[in-house]
Amino acid sequence: MPNTSNYKLNAAIANSKYTDLLPYKDGSTTNEFLQRIVDILLDFVKATNDRKEKILDFHHPEEMQNLLDLKVPEKGVTLQQLVNDCATTLKYQVKTGHPHFFNQLSCGLDLVSMAGEWLTATANTNMFTYEIAPVFILMETVVMTHMREIIGCNWKNGDSILAPGGSISNLYAFLAARHKMFPNYKEKGIATIQGQLVMFTSDQSHYSVKSCASVCGLGTDNCLMVPSDVNGRMIPSELEKLIVERKAKGHIPFFVCCTSGTTVLGSFDPINEIADICETYGLWLHVDAAWGGGLLLSKKYRHPRLSGVERAHSVTWNPHKLQGALLQCSTIHFKENGLLLSCNSMSADYLFMQDKLYDIQYDTGDKVIQCGRHNDIFKLWLQWRAKGDEGFEKHMDRLMELSEYMVKRIKEQPDKFYLIMEPEMVNVSFWYIPTRLRKMPHTSAREAELGKICPILKARMMESGTLMVGYQPDDRRPNFFRNIISSAAVKESDVDFLLAEMDRLGHNL
């Protein structure tokens, strides 16, 4: 990444201030200032896709504070200083689109989606009414309808909205489920419910599901964690057992969250079996496919992972994860139309007037709890225009094939790597084995030692700047590595590099 000296403004305007830009002055200074910013962005894009570049230039927080000038001044700085600030910011930023960044569920830098985000920022439009965002509102309607059709043919006439993250998407599902069972709750509150509401989710589910119980007044003790099997999938018989137990106590079971693509292991709960139980006991079925939803686009990998998803009442699906849309881009879908509006509408007449000159069904702001919404649709719409369903399908298949390749390479090096389980998705969970532990029998004692290796090896990765792979423990194991392949930039050679680089950095631990 070039240093700030590569982005010099013309000497005549370098010491200019923001008041020399539009709308205060004419456009010549504005043009050059923005061109330098674009130069910085394009250089970052190039560096991100250069395998010879480091992923990051790591510094501890105290060191970084000394490298950066972050203070807010009393008087504004020059345009040249603003350009330098932009270049410095990206110089020390992690390149999450780098082919050797395997750290998060959302990896990669899709350039079409990025272009959409640039346009979105320039338009600077709130998404609460058709009046101020006509094109974007129509795009959202078209794309959300298409996503529902992919979930199931009986979903076309449902409803959807883009939310600020999968956690809030799950919250919308919770609120709609409670509203469906107790429509007077919105006005009358908790007194409407004669009994204790309880909800159920897998012990491997995202913490946001449990958070719903906290922020909505159930209490986390009333979010029951259903045991999972050795592969991280919810056990349906355990779910039914817990439902029966709670009903016997006079509690009111109302909501089940089924996870399609768990955060750590990438596991898929058996939707059809869980749907049978929900239908038997009259519970709302929500599928949290924030992570795994992209596989709905793959004929090869959709089944059996997401078989039965069309039986759910609501589905969370985050295109900013497996599909590579830029952060953030999270959707929540409902089979039944009208629930979002009925549940969340406050009918604020200073925003959502009923006597506008157009069809007010396109005013989406009253459907949501946040009122104003960031425009997250254009980058997804533009990306989908570029790829089509076919392109997304190829992308899903390629990511899965690369993960299968990684599993194959790990199995070919059993002295150096231990595969924890056959993955259902792109989450490949494994231990790296340093030289001193390679002849040690694989017992719980060895696993404990391998767990201690993970944070040390991760620190070496970050200090070298050449590789980033995440690690974590779970309820069955100490720390282990969880590799994610969700970037279109990754090739088989990058997987080979990953394994070789872990060995180079960690063999003597």
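Here are the numbers:
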quantity	calculated
Relative packing of peptides 256-266, 42-52, 71-81 - highest average C-beta neighbours within 10 Å first	256-266, 42-52, 71-81
FRET efficiency estimate (nearest 0.05) - Cβ-Cβ, Thr192 to Ala500, R0 56 angstrom	0.35
Against the rule of thumb 2.2 N^0.38 Å, how large the Cα Rg of the chain comes out	1.07
Share of alpha-carbon pairs per 10 Å distance bin for the stretch 394-506, given as whole %	13, 48, 32, 6, 0
Kirkwood hydrodynamic radius of the stretch 4-93, Cα pairs, Å	14.6 Å
Cross-link table Lys300/Lys411; Lys299/Lys408; Lys95/Lys458; Lys180/Lys335, entries beyond 18 Å C-alpha to C-alpha	Lys300/Lys411; Lys299/Lys408
Sorted largest first, extent of the stretch 283-337 alpha carbons per principal axis (Å)	33, 26, 16
Mean residue ellipticity (222 nm) of the chain, computed from DSSP H runs ≥ 4 via -39,500 (n - 2.57), nearest 500	-13000 deg cm²/dmol
Relative contact order (%) - criterion: Cα under 8 Å, at least six apart; region: the chain	18 percent
Axial C-alpha extent at least 27 Å, average Kyte-Doolittle at least -0.5 - helices from the chain (DSSP)	27-48, 444-464
Debye equation applied to the C-alpha atoms of the stretch 9-56, log10 I(q)/I(0) at 0.20, 0.24, 0.27 Å⁻¹	-0.68, -0.81, -0.94
The stretch 148-295, Rg to Rh (Cα coordinates; Rh as Kirkwood inverse mean 1/r)	0.94
Centre separation in Å (Cα based) which lies between the stretch 276-335 and the stretch 144-168	9 Å
Span from the the stretch 1-79 Cα centroid across to the the stretch 223-242 one, whole angstrom	51 Å
Cα-based radius of gyration of the stretch 74-118 once divided by 2.2 N^0.38 Å, which approximates compact folds	1.57
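Coordinate-derived values only; no laboratory data. Everything numeric here is computed off the predicted structure, so don't read it as measured data. So basically every Cβ, Gly included, is an ideal-geometry build from the backbone, and we count neighbours across all protein chains shown.
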